[in-house]
Amino acid sequence: MEMNQLSKCYGDKTILQRFTAQIKRPEIISLLGKSGQGKSTLLRILCRLEAQDEGEILLHGHSYLTVDPKEWRKKICYVSQQSYMLPGSVEDNLRMVSQLHKTPFDMPLAKKLMISLDLDYLDWGKKSIDLSGGEKQRVALVRSLLLSPEILLLDEVTASLDMQSKHTVEKLLQEWQEQEGTTCICITHDIEQAQRMSHRIWFIEEGSLLEDSDSCDFFENPCTESARNYLQRVPQGETSCLM
Ligand SMILES: Nc1ncnc2c1ncn2[C@@H]1O[C@H](COP(=O)(O)OP(=O)(O)OP(=O)(O)O)[C@@H](O)[C@H]1O
């Protein structure tokens, strides 16, 4: 995937400024940066929930304009921090993507993923509205994985989870990425999580990509002053506001 010169304004406020990046190989990429720098806006644009004002997105060399948005969102899935649940049961939510995209529902895979995320205790008949925040986030993740997307966009998806569940999600994502060759772009404010999980770091400031580095290089020797300041300001061991 290529992102060329993506720009976006809300009113007179510039959110993305000629954001340019390429995904060269399937990797786990952590998207880091202070609050309000345009990280979520970028992910929403990449899955075409929002339109950029300028710039182009290419997938396998083809412009996003040549691909039907529904087909696009089958390949590029976004899991938001809020984890939207559709009305109905857990099972309705899990089946929803196959109904939407007219693909067969893979029950064994759904069960396997639910077990991998420690959700085997969950009654599939339970109303989705009655799930806890952490349960909703994990069901939303399973729902997206069932589509086997090429690119998974994760917006602080472990924010409501306790430490053990957080590690469970990380493990699943790492195994999934390796087995399926999926690219994951993860917004996180948890530096330790980014260190544990990522192959690559994108560091964003004021809507521009300041650093695109191998994860070890970024944490050992960030290239820009902004990234150095950002890393210094985040206390080691801070794990309150995660992925
Ligand atoms: N629909 C919208 N209308 C107007 N302003 C918006 C809208 N969505 C986001 N913004 C503003 O755009 C800026 C960037 O928001 P965005 O959510 O992309 O940042 P972020 O880097 O993901 O921040 P955080 O780490 O706090 O989630 C913020 O100032 C936000 O208030």
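One table, with the values for the structure above:
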{"item": "Residue match in region 144-167 (condition: within 25 Å of Ser226 (Cα to Cα), more than 16 Å from the chain's Cα centre (by Cα) and acidic (Asp, Glu))", "result": "no"}
{"item": "Considering residues of region 85-107 that are within 15 Å of Val139 (Cα to Cα) and aliphatic (A, V, I, L, M) only, the residue most open to solvent (accessible area, probe 1.4 Å)", "result": "Leu86"}
{"item": "Which numbered condition Gln82 fails, given (1) over 18 Å from Leu141 (Cβ atoms); (2) in a loop (DSSP other than H, G, I, E, B); (3) within 16 Å of the ligand (Cβ to nearest atom); (4) not β-branched (Val, Ile, Thr)", "result": "(1)"}
{"item": "Yes/no for Ile15 being away from the ligand (no atom under 15 Å from the Cβ), of a type outside the set (S, T, N, Q), in contact with a Ser or Thr (Cβ under 9 Å, 6 or more places away or on another chain) and closer than 21 Å to Ile201 by Cβ", "result": "no"}
{"item": "Count of residues meeting criterion [assigned to a helix (DSSP H, G or I), without any contact (Cβ under 8 Å) to a residue 40 or more places away in the chain, of a type in the set (D, E, K, R) and away from the ligand (no atom under 16 Å from the Cβ)] in region 185-233", "result": "5"}
{"item": "Among the candidates Phe219, Phe203, residue that is surrounded by fewer than 19 Cβ atoms within 10 Å (Cβ to Cβ) and at pLDDT 95 or above", "result": "Phe219"}
{"item": "Some residue of region 132-147 being open to solvent by 40 Å² or more (accessible area, probe 1.4 Å), of a type outside the set (A, V, I, L, M, F, W, C), without any contact (Cβ under 8 Å) to a residue 60 or more places away in the chain and within 25 Å of Arg18 (Cβ to Cβ)", "result": "no"}
{"item": "Number of positions in region 9-55 that are of a type in the set (A, V, I, L, M), open to solvent by 30 Å² or more (accessible area, probe 1.4 Å) and modelled with pLDDT of 95 or more", "result": "1"}
{"item": "Selection count, region 62-81, where residues are touching a residue at least 40 places away in the same chain (Cβ under 8 Å) and either at positive phi or open to solvent by less than 20 Å² (accessible area, probe 1.4 Å) (or both)", "result": "4"}
{"item": "Residue selected from region 30-57 under the condition among the small types (Gly, Ala, Ser) and part of a loop (DSSP other than H, G, I, E, B), by the criterion farthest from the ligand (Cβ to nearest atom)", "result": "Ala51"}
{"item": "Verdict on Glu27 being more than 8 Å from the ligand (Cβ to nearest atom), touching a residue at least 24 places away in the same chain (Cβ under 8 Å) and farther than 22 Å from Ser144 by Cβ", "result": "no"}
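The values are calculated or read from the model by the stated rules, or taken from the named source; none is laboratory data. Quick caveat, the model's predicted, so the values are computed rather than measured. A quick note on method: Cβ atoms are made from the backbone with ideal geometry, for glycine too, and the neighbour counts reach across all protein chains shown. To get the accessible areas, we keep the full protein, side chains included, count just its heavy atoms, and leave off ligands, DNA and RNA. Shrake-Rupley method; radii C 1.70, N 1.55, O 1.52, S 1.80 Å.
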